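Report on the following structure.
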Amino acid sequence: MTISKELFKEKFMDMLTEKYALSVEEASPYDLYTTLATLIRATYAKDWGITRRAYNTTHEKQVYYFSIEFLPGRMMKSNLLNMGWLDTVEASLKDLGIDLEDILEIEPDMALGNGGLGRLASCFMDSIASEGLPGNGNGIRYKYGLFKQKFIDGYQVELPNEWLSRGNTWEVRRDSKAVTVKFNGHAYLKELEDGSLVPIHENPTVVRAIPYDTGMVGYQNGTVNTLRLWDAEIPLEEEINYRSIQQRREIEDLTSVLYPDDSNEAGRRLRLMQEYFFVSAGTQSIIRHFKANGYNLNNIDEYVAIHINDTHPAMCVPEFMRILVDEEQMNWERAWALTIKVMSYTNHTILAEALEKWPVEMLRSVQPRIYQIIEEIDRRFVEQMTGTIDWGIIERTRIISNGIVHMAHLAIIGSHSTNGVAKLHSDLLKNVVLHDFYRLYPSRFNNKTNGIAERRWMQLANPTLSHLLDETIGTSWRFEASDLYLLMNYKDDKKVLHALAKAKQVNKTRLAKFIEKETGVIVNDHAIFDVQIKRLHAYKRQLLNLLHIIKLYLDLKEDPKKKIQPRVFIFGAKAAPSYHYAKAIIKVINELANLINNDESIKDQLKIVFLENYSVSLAEKIIPAADVSEQISLASKEASGTSNMKLMLNGAITLATLDGANIEIRDAVGDDNIVIFGLTEAEVYAYYEQANYRAFEYYESSVELRKVIDALIDGTIPNSSQEGIEIYDSLLKYNDEFFVLRDFADYVAAQEKVAHLYSDQEKWLKMSLINIANAGRFSADDTVKKYAEDIWRIKPNKTPQQV
Ligand code: 26Y
């Protein structure tokens with residue numbers, strides 16, 4: 001799909017006239033944005049249709065990736081890159097006096113997710129299309145994306161994110177593909193005259209589910225897959241039943257907001273309804289599609305794989321059963337065998353509070369028929385297991401117990417594959433968290449270490465480094481990420497190392513300008529850019545980072561002549577709106593930033609920048625400029641992490657605990673090219689077993705640590721006494737759940753090592769190069785290939801144009 005400059009300009013100006021009757025000079029940046037977006041969509045539309053028809057005619061098996069979150073960010077630049085248009089469009093627009101970067105900034109982020117889980121789903125969508133794999137996304141078209149974060153007096157304030165207010169050029173509403181979804185009411189089995197039983201669902205609330213499809217353009221391969229997001233509406237024939245605004249609002253609310261919490265409780269019933277809504281709509285549309293194309297449902301497992309991304313879509317299991325058994329009159333045993341073959345499940349967390357559990361009463365009232373089916377699955381599970389294993393195991397693994405429905409149990413029992421997202425995480429699932437299930441179904445457990453769409457995180461985000469790579473190792477890495485390894489040939493090449501330094505400097509200077517524009521803070525762009533970007537959560541330990549900064553500050557105040565390796569600490573993080581403790585940490589970081597950034601005596605040695613509204617598009621600005629990647633979660637808590645991979649790819653040195661995929665990064669680069677500190681997972685578990693961690697002892701026995709902790713409450717940091725006390729108490733009164741004090745000294749030593757390494761630029765650059773060269777193994781292209789081969793059993797489609 002290439003295009004000449006002349007032809008592009010002609011098409012672009014024609015489109016501008018057609019859409020707005022405007023010339024380039026008259027058009028606003030927004031007009032230019034929508035014009036270009038419309039032209040892009042019109043261009044890939046042909047391949048989109050060809051891809052769909054090809055899947056239908058070749059009868060290849062397809063995967064449907066069900067996820068309650070998708071976090072694609074901006075689409076325009078990614079589409080241009082994947083179409084092979086980016087360079088031509090950039091140059092053509094320049095001829096017309098337009099800077100493409102200005103237009104790209106107009107696009108709102110598509111932020112239909114909280115963090116890692118949603119971004120992983122979007123990296124996978126990019127990679128599935130780029131590998132030519134027949135795959136579709138299935139989710140919810142939230143009217144409001146993840147909240148917009150503002151800081152007011154250092155506090156996080158959440159504002160609505162009206163990403164759809166000016167329309168969305170990428171999506172296509174498909175009325176003809178609408179389905180209905182039933183909630184509430186009463187379900188029972190009615191006996192017919194011949195003695196057979198038929199399920200009846202009486203007085204349900206009926207909602208119309210409308211799909212909005214967005215093309216997922218593969219990387220220069222002609223494949224365009226579909227991300228299908230569902231919106232809820234009142235069915236025309238039901239209008240009469242929805243007379244009050246209140247009643248109508250209930251339906252609208254179904255797809256109104258993304259559950260803004262990535263671990264805590266709120267709006268639970270609505271969330272359960274959202275889950276059933278997109279699960280039912282998606283599953284029905286899959287089965288309808290395959291029936292309409294003449295497939296036999298008796299071997300639907302040869303054509304369809306359904307992936308359950310975390311527990312949120314776990315009701316795919318009973319919904320698939322409901323359709324086969326209730327609507328298609330298949331017998332239970334056959335339907336169950338098919339369900340298990342079709343379904344697979346990924347677990348993304350070991351934190352108990354994030355494993356979903358629903359009260360029986362709530363599930364039964366939201367969808368009584370689904371509840372009955374879950375009950376029957378549970379009954380049969382217990383029956384089948386009884387006598388074969390300990391009763392204790394059955395009790396711990398069954399789906400319904402003590403009035404609670406365990407969604408992870410449903411997903412594991414109802415699928416053929418359960419995977420974790422990094423080696424350590426998958427081992428912990430097998431040996432600890434899901435050990436009972438592992439004993440029941442050892443062959444279902446497997447690991448699929450996460451990956452990232454390296455196109456977005458290198459080619460799009462970091463053109464400066466991308467060009468250097470082209471000049472040094474050729475361009476094959478753009479198609480095959482493992483070819484980044486060719487860079488190893490230059491690890492001692494001074495010229496290349498120098499060019500690498502220059503590329504990083506360009507990115508740092510650019511970020512410094514952005515920081516000044518956004519926050520007014522002027523940073524030294526030759527300082528170490530030390531970056532921690534991720535959701536704000538106690539287990540991720542932004543607090544450890546904060547305590548270390550306090551230490552540096554106190555050191556400088558105590559000895560004004562002291563010289564340190566200058567640093568800019570950069571944070572990006574949203575806290576769940578109801579997560580009080582996380583918000584306290586944000587407030588203290590902001591107040592400390594205020595103190596340090598305005599302290600004349602500190603000069604350029606230390607700055608703190610907490611950028612507002614962390615998002616995919618902000619990450620694209622920060623990551624290329626990072627020198628240090630902070631991955632400091634308490635060992636065993638971070639399932640994988642993916643910002644660790646993005647930062648490594650961009651040449652940052654990882655400062656990490658042995659947690660999640662950090663371990664695999666260490667294995668890839670070797671101990672000399674990463675800085676590791678802190679407790680290991682085994683040591684953390686030993687503390688749990690012996691219940692012998694005493695945070696206070698660390699406070700008591702270290703003068704240095706005591707000074708730092710006391711600074712939280714002694715007025716050193718202004719305007720945050722309340723928050724300071726809360727944090728102080730979490731550490732000392734409540735015994736420091738995430739071992740911050742235990743790891744403090746080790747972290748300080750690791751940070752000193754970082755400063756020391758940085759002072760030897762040649763050594764640092766070599767480390768940086770080795771990180772880039774070894775980042776290819778974290779390409780999501782490889783990850784999805786492994787899912788395709790081991791779990792989904794799908795094959796790349798032939799180039800659609802060849803069919
Ligand atoms: C139960 C509900 C409140 C809930 C909502 C969202 C529970 C969990 C989540 C999101 C979890 C999540 O984002 N997990 C992250 O998934 C990434 C992709 O696998 C991992 O890299 C990361 O370590 C993990 O925290």
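Just to be sure before I move on: is LEU86 more than 21 Å from the chain's Cα centre (by Cα) and either more than 16 Å from the ligand (Cβ to nearest atom) or surrounded by 22 or more Cβ atoms within 10 Å (Cβ to Cβ) (or both) in the structure I sent? Here the answer is yes, as LEU86 does meet what is asked.
Looking at region 548-578, which of its residues are in a loop (DSSP other than H, G, I, E, B) and crowded, with 21+ Cβ neighbours inside 10 Å? Listed by number, the residues that qualify are ALA573, LYS574, ALA575, ALA576. Please enumerate the residues belonging to region 96-124 that are of a type in the set (Gly, Ala, Ser) and part of a loop (DSSP other than H, G, I, E, B). Answer for region 96-124, where residues must be of a type in the set (Gly, Ala, Ser) and part of a loop (DSSP other than H, G, I, E, B): GLY97, GLY113, GLY115.
Go through region 281-324 and give me each residue that's assigned to a loop (DSSP other than H, G, I, E, B), more than 16 Å from the ligand (Cβ to nearest atom) and among the polar types (S, T, N, Q). If the condition is that a residue be assigned to a loop (DSSP other than H, G, I, E, B), more than 16 Å from the ligand (Cβ to nearest atom) and among the polar types (S, T, N, Q), then ASN293, ASN296 are the ones that fit. Of the strands (runs of 3 or more DSSP E) lying entirely inside region 125-189, those carrying at least 1 residues that are closer than 30 Å to GLU612 by Cβ and in contact with a helix residue (DSSP H, G or I) (Cβ under 9 Å, 6 or more places away or on another chain) are 135-140, 145-152, 155-161. Name the single residue that is surrounded by the most Cβ atoms within 10 Å (Cβ to Cβ) among those in region 387-410 being more than 21 Å from TRP336 (Cα to Cα) and either within 15 Å of the ligand (Cβ to nearest atom) or free of Cβ contacts under 8 Å to residues at least 24 places away in the same chain (or both). Looking at the filtered set, the residue picked out is SER401. Looking across region 342-365, the residues that are more than 11 Å from the ligand (Cβ to nearest atom) and out of contact with any strand residue (DSSP E or B) (no Cβ under 7 Å at 6 or more places or on another chain) come down to GLU361, MET362, ARG364, SER365.
Scanning region 327-344 for residues that are surrounded by fewer than 17 Cβ atoms within 10 Å (Cβ to Cβ) and over 32 Å from the mean Cα position of the chain (by Cα) gives GLU327, GLU328, GLN329, ASN331, TRP332, GLU333, ARG334.
Scanning region 626-670 for residues that are among the small types (Gly, Ala, Ser), within 12 Å of the ligand (Cβ to nearest atom) and in contact with a strand residue (DSSP E or B) (Cβ under 9 Å, 6 or more places away or on another chain) yields SER633, ALA639, SER640, GLY641, SER643, GLY660, ALA661. With respect to LYS430, determine if the residue is in contact with a strand residue (DSSP E or B) (Cβ under 9 Å, 6 or more places away or on another chain) and within 14 Å of the ligand (Cβ to nearest atom). No; evaluated as a whole, the condition is false for this residue. You will find that of ASN241, ASN225, ASN299, the residue that is crowded, with 16+ Cβ neighbours inside 10 Å and of a type in the set (S, T, N, Q) is ASN225 and no other. Filtering region 755-778 to residues that are aromatic (Phe, Trp, Tyr) and within 17 Å of GLU630 (Cβ to Cβ) leaves TYR758, TRP764. Of all residues in region 411-437, those that are touching a residue at least 24 places away in the same chain (Cβ under 8 Å) and farther than 23 Å from VAL63 by Cβ have Cβ atoms under 6 Å from Cβ atoms of residues that are polar (S, T, N, Q) and within 16 Å of the ligand (Cβ to nearest atom), 6 or more apart or on another chain, in LYS423/ASN447. Screening GLU328, GLU375, GLU319 for residues that are closer than 18 Å to ARG271 by Cα and among the charged types (D, E, K, R) leaves exactly one candidate, GLU319.
Within region 214-224, one or more residues are at pLDDT 85 or above, assigned by TED's automatic domain parsing to the domain that holds PRO359 and at positive phi. Meeting the requirement of 3 or more residues that are aliphatic (A, V, I, L, M), the helices (runs of 4 or more DSSP H) wholly within region 601-701 are 616-622, 643-649, 662-669, 681-690.
If you go through region 508-524 and keep only what is of a type in the set (D, E, K, R) and surrounded by fewer than 21 Cβ atoms within 10 Å (Cβ to Cβ), you end up with ARG510, LYS513, GLU516, LYS517, GLU518. I'd like to know if region 112-128 contains one or more residues that are closer than 15 Å to SER617 by Cβ and aliphatic (A, V, I, L, M). Yes, there is a match, as at least one residue in region 112-128 is closer than 15 Å to SER617 by Cβ and aliphatic (A, V, I, L, M).
Residue-by-condition table, conditions (1) surrounded by fewer than 24 Cβ atoms within 10 Å (Cβ to Cβ); (2) free of Cβ contacts under 8 Å to residues at least 40 places away in the same chain; (3) over 20 Å from the mean Cα position of the chain (by Cα):
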{"site": "SER629", "(1), (2), (3)": "no, no, no"}
{"site": "GLY641", "(1), (2), (3)": "no, no, no"}
{"site": "MET645", "(1), (2), (3)": "no, no, no"}
{"site": "GLY651", "(1), (2), (3)": "no, no, yes"}
{"site": "ALA661", "(1), (2), (3)": "no, no, no"}
{"site": "GLU664", "(1), (2), (3)": "yes, no, no"}
{"site": "VAL684", "(1), (2), (3)": "yes, no, yes"}
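Please verify whether region 253-264 includes one or more residues that are within 16 Å of the ligand (Cβ to nearest atom) and β-branched (Val, Ile, Thr). Checked against the condition, which is being within 16 Å of the ligand (Cβ to nearest atom) and β-branched (Val, Ile, Thr), region 253-264 yields at least one hit.
The values are calculated or read from the model by the stated rules, or taken from the named source; none is laboratory data. Every value quoted in this text rests on a predicted model; they were computed, and no experiment measured them. Note that each Cβ is placed from the backbone with ideal geometry, even for glycine, and that neighbours are counted across all protein chains shown.
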